[in-house]
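Worksheet for the structure shown next.
The values are calculated or read from the model by the stated rules, or taken from the named source; none is laboratory data. Values in this document were obtained by computation on a predicted structure and should not be read as measured data. FYI the Cβ positions are ideal-geometry reconstructions off the backbone, even for glycines, and counts take in every protein chain you see.
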Amino acid sequence: MRKVNQLVLGAGICALWASGHVSADEMKLSACLHNGVTIGGVASCGKVWKLESGYAELKPSGKLKFKVKRLVLNDTSTGDANGTADGVDAVAPAVVCGDKVAAQGKPIKLSKKGNAHGSAKLKVPSDCANPVVILRERYQGNIGGWLAATGQ
């Protein structure tokens, strides 16, 4: 598996984060394509997913907000579950710094149609120069791989 280049957030967000002045601009979330990309030691999804729209906003204070619309399976091998969130009932927002998950929030309900929004107050290290936000699946009560991430 290959690692995601951690400089993918865009120069503007990274420079603002490093200076302690993160813009209120939203970072776009992209769905996992099941292509073996590991982010911060977290494996990618087990099937291909799609996302109609999604964003995450992370402040230097650790306040994280996110919203996803229609984060659903896009894999015909799943049969009738294709186009749904299947058994994924929640997503846990997390912040990756370098090559590890630095902070993770509590799972937030994901509807069967793949919609979720929430916020969390996370303890993000002050030296986290290029944070990546990931949404991890909760399936059968367990937190697993990532389904959406910034900078993809």
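Those residues that are more than 14 Å from the chain's Cα centre (by Cα) and modelled with pLDDT of 95 or more, I need them from the range 110-121; list them, please. Reasoning before the result, please.
Taking the range 110-121 and keeping what is more than 14 Å from the chain's Cα centre (by Cα), we get 111-113, 121.
SER111, LYS113, LYS121, listed by residue number.
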Discussion item. Looking only at residues that are in contact (Cβ under 8 Å) with a residue 40 or more places away in the chain and outside any strand (DSSP E or B) in the range 72-85, which one is nearest to LEU135 (Cα to Cα)?
Written reply: ASN74
Discussion item. Only one of SER61, SER53 is surrounded by fewer than 18 Cβ atoms within 10 Å (Cβ to Cβ) and not in a strand (DSSP E or B). Can you tell me which?
Written reply: SER61
Practice prompt. Quickly run through the range 75-86 and pick out the residues that are modelled with pLDDT under 95 and touching a helix residue (DSSP H, G or I) at 6+ places or on another chain (Cβ under 8 Å).
Written response: ASP86
Fill in: Hits in the range 86-139 (condition: surrounded by fewer than 18 Cβ atoms within 10 Å (Cβ to Cβ), charged (D, E, K, R) and part of a loop (DSSP other than H, G, I, E, B))
ASP99, LYS106, LYS112, LYS113, LYS123, ASP127
Practice prompt. Could you check LYS69 against (1) within 19 Å of LYS28 (Cα to Cα); (2) free of Cβ contacts under 8 Å to residues at least 40 places away in the same chain; (3) in contact with an Asp or Glu (Cβ under 7 Å, 6 or more places away or on another chain) and say which number it fails?
Written response: (2)
Response to the item:
Taking first residues from the range 99-114 that are at positive phi and second residues anywhere that are in a loop (DSSP other than H, G, I, E, B) and of a type in the set (Gly, Ala, Ser), the pairs with Cβ under 6 Å that are 6 or more apart or on different chains are GLY114/ALA85
Discussion item. Filter the range 58-109 down to the residues that are more than 18 Å from LEU122 (Cα to Cα) and of a type in the set (S, T, N, Q) and list them by number.
Written reply: ASN74, THR76, SER77, THR78, ASN82, THR84
Worksheet item: Among the residues of the range 126-152, how many are modelled with pLDDT under 95 and either charged (D, E, K, R) or farther than 17 Å from GLY41 by Cα (or both)?
Response: 3
